[in-house]
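Some notes on the structure that comes next.
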Amino acid sequence: MTAVILVGGADRAAAQPSGAPGAAAAADPKRSAAELAALREKLDATLWSNEVTAQRHEETFIKLWDDLRASPDQWKVLGSFPFQALHVGELAPSPPRDGKPTALGLEEFIVGPAKRKLSADDFKGQLAALASAGYRLVETEWHHSTFDQPKDGPARSTVSMTLHVVREKPVERIVVKGKIDVEWSND
């Protein structure tokens with residue numbers, strides 16, 4: 001059985017210009033569920049193809065986020081995330097805001113240009129060092145912010161992420177916020 005669910009009174013057909021392919025057919029209340037499913041499939045392959053491809057790529061980070069939430073060992077999950085290389089920059093103290101230091105003794109850092117390349121094994125080693133120093137990854141967020149599929153090159157995405165890391169002794173809390181530029185392989 002196929003159901004058509006409208007949230008907030010908008011659907012894909014309504015979002016299309018009135019002259020868009022399938023707009024009038026999707027708006028016809030007499031269409032059967034099978035006809036609407038066929039229409040959606042056609043539109044997903046044409047009008048919405050880039051969005052469908054973006055969602056397929058986004059699933060990689062949705063799975064990572066789900067796996068991190070479900071696991072008691074987040075470092076292990078993060079260390080098993082497949083990638084070919086991770087390019088990272090060096091940390092540098094952030095300049096004071098408005099010429100004033102941050103409140104409550106907080107330190108703020110920025111990451112410079114990516115000059116260092118980590119392999120998956122190097123990354124696992126970094127995570128193992130954090131775990132052995134008593135750091136725990138307690139919360140993460142991953143959002144697929146942008147997607148681009150050029151005709152003559154690999155797909156690229158920007159993924160916004162936030163990591164919350166804590167350590168009991170000495171007490172320390174770290175929040176890492178940033179954007180990851182992803183170049184997708186065809187694998």
query: Which aspartates and glutamates have a Cα lying under 15 Å from the Cα of Lys76, excluding residues fewer than 8 positions away in the same chain?
result: Asp66, Asp67, Asp121, Asp122, Glu139
task: Based on the mean of other Cβ atoms within 10 Å per residue, sort peptides 162-175, 118-131 so the most packed one is first.
output: 118-131, 162-175
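Computed FRET efficiency, Cβ-Cβ of Asp73 and Thr46, R0 45 Å: what is it to the nearest 0.05?
Values: r = 44 Å, r/R0 = 0.97.
Once the sixth-power term is evaluated, E becomes 0.55.
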field: Magnitude of the charge dipole, region 57-183, Cβ model with Lys/Arg +1 and Asp/Glu -1, debye to 20
entry: 300
- request: Output the pairs from Lys63/Lys177; Lys63/Lys117; Lys151/Lys177; Lys124/Lys151; Lys115/Lys179; Lys117/Lys169 with a Cα-Cα distance over 28 Å in this structure; if there are none, say none.
  value: Lys151/Lys177; Lys124/Lys151; Lys117/Lys169
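Kindly state, to the nearest 0.05, the FRET efficiency for Ser32 paired with Ile62, given R0 = 30 Å and r defined as their beta-carbon distance. Don't skip to the answer; put the middle values down first.
Working: r = 32 Å, r/R0 = 1.05.
That gives a FRET efficiency of 0.40.
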Residues in region 58-83 that a label on Gln149 would reach, taking backbone N under 19 Å of a point 7 Å out along Cα→Cβ: 58-63
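Only the coordinates and a few stated rules stand behind these numbers; no lab work does. These numbers come from a predicted model, not from an experiment. Note that we place each Cβ from the backbone using ideal geometry, even for glycine, and neighbour counts take in every protein chain shown.
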